[in-house]
Structures are given as structure tokens and as C-alpha cells.
1. Would you kindly derive the ³J(HN,Hα) couplings of the range 17-33 from the backbone phi angles with the Karplus curve 6.51 cos²θ - 1.76 cosθ + 1.60 (θ = phi - 60°), listing them in order in whole Hz, with x for Gly and Pro?
2. ASP113's amide H: which non-local residues (gap 5+, or another chain) put their own amide H closer than 5 Å, with H modeled 1.01 Å from N in plane and none for Pro or chain starts?
3. With a Förster radius of 22 Å, plug the Cβ-Cβ distance of LEU14 and ILE134 into 1/(1 + (r/R0)^6) and report the FRET value to the nearest 0.05.
4. In sequence order, what are the phi-derived ³J(HN,Hα) couplings for the range 67-73 according to the Karplus relation 6.51 cos²θ - 1.76 cosθ + 1.60 with θ = phi - 60°, rounded to whole Hz, with x for glycine and proline?
5. Just tell me which aspartates and glutamates come within less than 17 Å, Cα to Cα, of LYS72; anything on the same chain fewer than 8 places away is out.
6. Report, in debye and to the nearest 20, how large the dipole of the range 1-136 comes out about its Cα centre when Lys and Arg carry +1 and Asp and Glu carry -1 on their Cβ.
7. Add +1 for every Lys or Arg and -1 for every Asp or Glu among the other residues with Cβ under 10 Å from the Cβ of TYR56, and state the total.
8. With n ≥ 4 as the cut-off for DSSP H runs, can you work out [θ] at 222 nm for the chain, using -39500 (n - 2.57) per run divided by the number of residues, rounded to the nearest 500?
Amino acid sequence: MLKKYLTLNNLLTLFIMFVFIQSLFFKFSDSFETVFIFSTLGDWSGLEWFGNYGAYMVGTAELIASIILVTKFRAIGAVMALGIMTGAIFFHLATPLGVVQPAFDANGHIIGDDAGGLFIMACLVWLSALVLVIRDLRSQDSLLLSLLKQVGIIKEA
């Protein structure tokens, strides 16, 4: 019975949801890590509002994607996860944020670094979402292909 639920799609979905949902604590509680990340990005971009509210916006998008991932619209949740993580990877690689993030103690003092763990998780979520999207596009009842046909991006054969 359990084997029926241990499919690749379900395992990838659970992994993405786990990463997104566990990160909500940090994003919605103004943790030192989150403040560092989003203030760095706000300063770099010149968009002070992103430094102040970006974590809430990204966290909300991750929560919505997580909810959609457990519906019949899983492919849309996977596309959302792919987009969110594309942004995360870009910001790690192309801004002063960098790949390795500082680790903080309970008082907000830097006590080390994460050895790139946050970046690695973003890459793993991105790959997981990509696999879900590809698997949907290859399936006979592909939601994404159906949507692309409905909006006229792909012509009916």
C-alpha cells in the first residue's frame, strides 16, 4: 500500500514542500539570516522595500506553491517553485549575497557560515521542480501542455 504513494513525483513534491515550509519560520519571523539576506539584496538593488518586505513576498509565494503542489495542479506549483528558485539561485550567484551565508547565534552574532547549504538546497529544489515539470510535459494528460494549447502558445497537431 505504501509503495503506491512512494512515487518519484510524490517524493520530489514532498521534498520541495519540506524545504519551502521549513523556511517559512525564518522568512515570517524576521530571523537574523533572513534580515541579512533580504537587506543585502535590498541594498544591492536600491529597492529598500525589497529589503523590508521581500522575505514576506517570497515566503508567501513558497507557501502558495506548496499548497498547489498537493492538488491536481501540481505542475503549476512546480513551475512556481522553478521560478522562485531561479530567482534565489540568480541572487546567490549574481549579487553580493554570494553562495555561502553567515550563521547567527540567538543574539544575532555571526558564529560561522552555512558552507553553502542554503544555495545547495535552492539548487536541489530547482532540480526537483524541473523534473516535475518535465514529467508533466511528457505525460499524456499534461496539465501544462493543455494550458499552453489553450492560450495559443502551442498549436493543436
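The numbers here are math on the coordinates, done by the rules we state, and not lab data. If you're wondering where the values come from, they're calculated on a predicted model, not measured in any experiment. Quick reminder, even Gly has a Cβ in these numbers, built from the backbone with ideal geometry, and neighbours come from all protein chains shown.
1. Each residue's phi maps through the Karplus curve to give 4, 4, 4, 5, 6, 5, 7, 4, 4, 5, 5, 8, 10, 6, 4, 4, 4 Hz.
2. ALA103
3. The calculated FRET efficiency here is 0.75.
4. Listing the rounded values in order: 5, 5, 4, 9, 10, 5, 9 Hz.
5. Correct list for LYS72: ASP136, ASP141.
6. Value, rounded to 20: 880 debye.
7. Combined, the nearby Lys, Arg, Asp and Glu give 0.
8. -23500 deg cm²/dmol
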